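This report refers to the structure that appears directly beneath it.
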Amino acid sequence: MRKLLLSFVLVMLGYSLLWAQDRTITGTVTASSDGTPLPGVSVSIKGTTRGNVTDAQGRYSLAAPDNATLVFSFVGFISQEVAVGGRSSINVALQSDVSELSEVVVTGYGTQNKREISGSVATVKGSTISQMPMASFDQTLQGMAPGILVQANSGQPGAAASILIRGRGSILGSTTPLFIMDGVEISSTDFSTLNPGDFESLTVLNDAASTSIYGSRGANGVIVITTKKGRSGKAQLNYDVQYGASSPPVNRLKLMDSNQKLDYELSRGNPYEWTDEDVARLRQINTNWEDVFFRTGRTASHTLSVSGGSDKTTYFLSGSLFDQTGTVKNTGLRRYTGRINIESGSGGFTFGLNSTFGYSEFTNTSEANTGIATPLNAIRWINPYETPYDEEGNFTQMVSGQPNALEELLGNSNLRQQLKGVGNVYAAYEIPFVKGLRVRTSWGGDFISNENTFYNGPTTVTGRS
């Protein structure tokens, strides 16, 4: 009886493991109104952080268990959940979200009802952005608004992305959109020292009618950022915390193992004059250099905020800590930010202050080149029968004479320290004898200070050169 029971348990366990295996699901997402494909739709597995986005033809591909539920979401459309149920092909038609037409959006110098705007305007809620553990908010805009293309230039923590709105308008000059935060133009080169948890909304203006109020500077589109403000009432204290983990993408390039590489080199005539004992010893080594360089990245985000006020004065205060280690060793980002938003009114006058200040430390490594001293390139060319350390714990001198890539990664450092402050003060007056007429003046600026420190270890190839 015990053997029978044990056999039954093992069989059921085997079935459950087979049932839990992932299958590749493909399909197309279209608009229910006219059947046109929808690019940039977010397709995720409910209850997890796994997901993908549709391509320009509305197609997607995602690995998911048979008992999973897929969530399809896109700005301007009603989110839809579909159970996999053992299927390998799932096509979805999303319905337009008519309720979004009643939203109030920020344009140039004020707010308007979305139904009354003739131009192309898309709004992304700040609560959506803050749920994504990205160091730079521009990378979170992918798939959040129609007509906007976001391309990450690097996977290192804090790296900026390139943003294109409604395609490339010119082959010459910049195609970067204009970024406005609380009425102040901010630099598009680096957003990592801003806390997305302080954002109330982001409005994407992406046609001539919407961007004309900014003149030629808005020719590439405009992204208007509105930060959180206080509301009259009792003080509200909020604490937001996020923890996450990240891993590098799967390497699709197949590389030789030690036996294959040794056989290849011996077929060329034993260039290193190895003995049979040397070859037998090297065949016992099979180093996975991805495991040497990569690790599981960790992300921790903490934000503490308080808001409130009276009928005349409102306030919003926040402080945050963001700490992220990269998937490559010796890379990471640590950021501290603070924000103060205050508005006070008396009679027909209104005075206000919007300000944020942050400090960040970026630890990066060399990339995006073909040099053999660049650590990340070594994953492609370094021999699998060699190890990063010798028996005495010292860095190995490679047989090929090429640099020890791990020594290059750990022995050299690139530290960037950034101070960033964005703020504005404003005053407004309601003209008493002309209904709806309001005069406002605003003074602000964007301050950035970067200090870079490079260190090349004297034993590394970079240091010796």
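Per 0.36 nm of contour for each residue apart, how much would the distance between residue 317 and residue 96 grow if the chain were fully extended, relative to their Cα-Cα spacing?
75.9 nm
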DSSP-defined antiparallel bridges as percent of all bridges, the chain, nearest 5: 95
Pairs beyond 31 Å (Cα-Cα), from 329/420; 229/329; 125/329; 46/234; 125/254; 125/234: 229/329; 125/329; 46/234; 125/254
Alpha-carbon centroids, the range 377-430 and the range 300-341: separation in whole Å: 27
5 angstrom amide H check on residue 200, placed H, neighbours 5+ away: 226, 227, 228
Degrees separating the helix 2-20 axis from the principal Cα axis of the chain, which is the longest one: 60
Chain lengthening between residue 254 and residue 285 when straightened (0.36 nm per residue, less Cα-Cα): 9.4 nm
Gained length - residue 55 relative to residue 174, 0.36 nm times residue gap less alpha-carbon distance: 40.3 nm
Euclidean distance between Cα centres, the range 180-210 to the range 44-77, Å: 27
Most positive-pole-ward Cα, 424, 259, 187, against dipole of the chain from beta carbon charges: 424
Relative contact order, percent, the chain [alpha-carbon distance under 8 Å, six or more residues apart]: 10
Theoretical ellipticity at 222 nm over the chain - DSSP helices of four or more residues, -39500 (n - 2.57) apiece, nearest 500: -3500 deg cm²/dmol
Correct option for volume of the Cα convex hull per residue in Å³ [calculated from the coordinates] among (1) 164; (2) 201; (3) 241: (3)
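Mind ordering 154-164, 241-251 by average Cβ neighbours within 10 Å, highest first?
Result, highest mean Cβ count within 10 Å first: 154-164, 241-251.
Taking the Cα centre as origin and putting +1 on Lys and Arg beta-carbons and -1 on Asp and Glu beta-carbons, what dipole magnitude results for the chain, to the nearest 20 debye?
For this selection, approximately 1360 debye.
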Helix 258-267 vs. the chain, principal-axis angle (Cα, 0 to 90°, nearest 10): 60
Cβ-Cβ FRET estimate between residue 381 and residue 434, R0 fixed at 60 Å, reported to 0.05: 0.25
Probe 1.4 Å, all protein chains present, accessible-area order of 289, 381, largest first: 381, 289
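The values are calculated or read from the model by the stated rules, or taken from the named source; none is laboratory data. Fair warning: this is a prediction, and the values are worked out from it, not measured in the lab. Backbone-built Cβ (ideal geometry, glycine too); neighbour counts: all protein chains shown. In case anyone asks, the SASA skips ligands and DNA or RNA and just uses the protein heavy atoms, side chains included. Shrake-Rupley method; radii C 1.70, N 1.55, O 1.52, S 1.80 Å.
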